[in-house]
Amino acid sequence: MLVLGLESSCDETAAAVTCGGRVLAEKVRSQIDLHQKYGGVVPEIASRAHLEAVAALTRDVLSEARLKLTELDGLAVTQGPGLVGALLVAVSFAKGLALATGLPLTGVNHVQAHALAPFLYTQEPPPPNLQFPLAALVASGGHTSLFFAENYLQFKLLGQTLDDAAGEAFDKFAKLLGLGYPGGAVTEELALGGNPGAFSLTRPMLKDGLNFSFSGLKTQVMGLYKEHNLENEPASSQALKDLAASFQAAAAEVLVTKLVSAVKKTGACGAVISGGVACNRVLRKEAQTALDKIGCPLWAPKPVWCADNGAMISFLGQKQLEKKHLLLPLSAEALPRWPVDSALA
Ligand code: KG4
Ligand code: ZN
């Protein structure tokens, strides 16, 4: 089944054509340059930039896949969660395409799509032991959630953040140090030369069920920053590298510990880490080590598919279209808040 997937939930416009998990063509246009000077995503700027990009990206992926719109079998679009004005751009555009072509259109939950990114490939399909049920951790700028996925469509929420998302914590950490937005990759870079044991940070809610809390970590970091007079340190100083490494180690330990608990609790056949934070090499390494210890395979998509992309939308869209699940009428709205469990309704 050939499906075009469109994504505009936050600050990346993305389009892709997939067939099964195979990605035939994909494009992502990031808006980071537009939002950087504001230190975060400005919703109106995001919507306008999506509007300028969505048609061109669609044309580009179709031409790269050497397909005409009419040769597709279906359309998929991120219906939520996300910024309402941003979501509406791809949702409205996709409805227009559906109206013009008569193709079926399905609305995809962005967070659920992140969890299925390990199924994407360009050359070699994933190994046959990538099997359900899976315990999936999605850690991004807006979400930190743990799921038990029985199959592509049946997801149960096991736990989620009670305050900041993990990516948000990285973004706030970087903002405090004046490292710019988004903060994940720059924090990881700074932490490279740091000692993760230099500052002792407590691991919030580590032994406390499967929910997360990251706002306390941010408060601890702010306290240490003031206490050690780090305001005047140059960004390249050893103390800031140590702080970045200590923060990253704490965040990674919490995420990995909960993922391991989720696997043990559910008896899942495999574990997934996805979402932008799963680009983090320390997190990936720690997760691999911990899951190896309990003999559970870990599936971490390559970084471009951990971050926001159209291929994951197209892939889950195809699974939904096959089951005639969540077909969007032309009257459908964007869903800025859409818990994954209710994607099953
Ligand atoms: O999944 P994503 O691209 O967009 C959302 O759906 O939010 O995730 C973006 C988030 C940002 O908060 C960013 O700082 C974080 O992922 N991120 C990272 C890394 N790369 C991106 N966090 C930690 N380490 C990284 N290397
Ligand atoms: Zn995302």
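The values are calculated or read from the model by the stated rules, or taken from the named source; none is laboratory data. Small disclaimer: the values here were computed from a predicted structure and weren't measured. Cβ sites come from the backbone with ideal geometry, for glycine too, and all protein chains shown count toward neighbours. Just the protein is used for accessible areas: all its heavy atoms, side chains included, with ligands, DNA and RNA removed. Shrake-Rupley method; radii C 1.70, N 1.55, O 1.52, S 1.80 Å.
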Quiz item: Of all the residues that make up the range 112-160, how many are within 14 Å of ligand 2 (Cβ to nearest atom) and hydroxyl-bearing (Ser, Thr, Tyr)?
Solution: 3
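Given Ala290, Ala250, which one is without any contact (Cβ under 8 Å) to a residue 40 or more places away in the chain, open to solvent by less than 40 Å² (accessible area, probe 1.4 Å) and assigned by TED's automatic domain parsing to the domain that holds Ala198?
None of the other options fit; the residue is Ala290.
Yes or no, residue by residue, for (1) within 18 Å of Gly183 (Cα to Cα); (2) within 16 Å of ligand 2 (Cβ to nearest atom); (3) touching a strand residue (DSSP E or B) at 6+ places or on another chain (Cβ under 9 Å):
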site: Glu227; (1), (2), (3): no, no, no
site: Asn232; (1), (2), (3): no, no, no
site: Ser236; (1), (2), (3): yes, no, no
site: Ala252; (1), (2), (3): yes, no, no
site: Gly270; (1), (2), (3): no, no, yes
site: Ile273; (1), (2), (3): no, yes, yes
site: Arg284; (1), (2), (3): yes, no, yes
Exercise. Check whether at least one residue in the range 217-232 is outside any helix (DSSP H, G or I), in the same structural domain as Ala290 (by TED's automatic domain parsing) and open to solvent by 40 Å² or more (accessible area, probe 1.4 Å), and report yes or no.
Key: yes
Quiz item: Hey, among Ala198, Ala185, which residue is of a type in the set (A, V, I, L, M, F, W, C) and open to solvent by 50 Å² or more (accessible area, probe 1.4 Å)?
Solution: Ala185
Quiz item: In the range 6-81, which strands (runs of 3 or more DSSP E) lie fully inside it and hold 2 or more residues that are open to solvent by 10 Å² or more (accessible area, probe 1.4 Å)?
Solution: 12-19, 22-30
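Which is in contact with a Cys (Cβ under 8 Å, 6 or more places away or on another chain) and either farther than 30 Å from Asn129 by Cβ or more than 16 Å from ligand 1 (Cβ to nearest atom) (or both), of Gly275, Gly270?
Gly270
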Practice problem: Working only within the range 298-311, note down all residues that are touching a residue at least 60 places away in the same chain (Cβ under 8 Å) and crowded, with 19+ Cβ neighbours inside 10 Å. | Solution: Trp299, Ala300, Pro301, Trp305, Cys306, Ala307, Asp308, Asn309, Gly310, Ala311
Quiz item: In the range 166-187, is there at least one residue being aromatic (Phe, Trp, Tyr), touching a residue at least 24 places away in the same chain (Cβ under 8 Å) and either part of a loop (DSSP other than H, G, I, E, B) or over 29 Å from His228 (Cα atoms) (or both)?
Solution: yes
Quiz item: Within the range 161-175, can you find the residues that are away from ligand 2 (no atom under 16 Å from the Cβ) and among the small types (Gly, Ala, Ser)?
Solution: Ala174
Quiz item: Only one of these conditions is not met by Gln160: (1) in a strand (DSSP E or B); (2) within 16 Å of ligand 1 (Cβ to nearest atom); (3) open to solvent by less than 10 Å² (accessible area, probe 1.4 Å). Which number is it?
Solution: (3)
Quiz item: In the range 329-343, what residues are open to solvent by less than 30 Å² (accessible area, probe 1.4 Å) and in a loop (DSSP other than H, G, I, E, B)?
Solution: Ala332, Ala334, Trp338
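Table: residues versus (1) in the same structural domain as Ala268 (by TED's automatic domain parsing); (2) buried (at least 16 other Cβ atoms within 10 Å of the Cβ).
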position: Asn280; (1), (2): yes, yes
position: Leu283; (1), (2): yes, yes
position: Glu286; (1), (2): yes, yes
position: Gly295; (1), (2): yes, no
position: Ile313; (1), (2): no, yes
position: Leu316; (1), (2): no, yes
position: Glu322; (1), (2): no, no
Quiz item: Any idea which of Ala235, Ala198 is at pLDDT below 95 and among the hydrophobic types (A, V, I, L, M, F, W, C)?
Solution: Ala235
Quiz prompt | Inter-residue pairs, beta-carbon under 7 Å, first charged (D, E, K, R) and in the range 272-284, second near ligand 1 (Cβ under 7 Å from one of its atoms) and open to solvent by less than 40 Å² (accessible area, probe 1.4 Å), 6+ apart | solution = Arg281/Glu188
Quiz item: Going by the structure shown, is Leu146 in contact with a helix residue (DSSP H, G or I) (Cβ under 9 Å, 6 or more places away or on another chain), more than 25 Å from Leu224 (Cα to Cα), open to solvent by less than 20 Å² (accessible area, probe 1.4 Å) and part of a loop (DSSP other than H, G, I, E, B)?
Solution: no
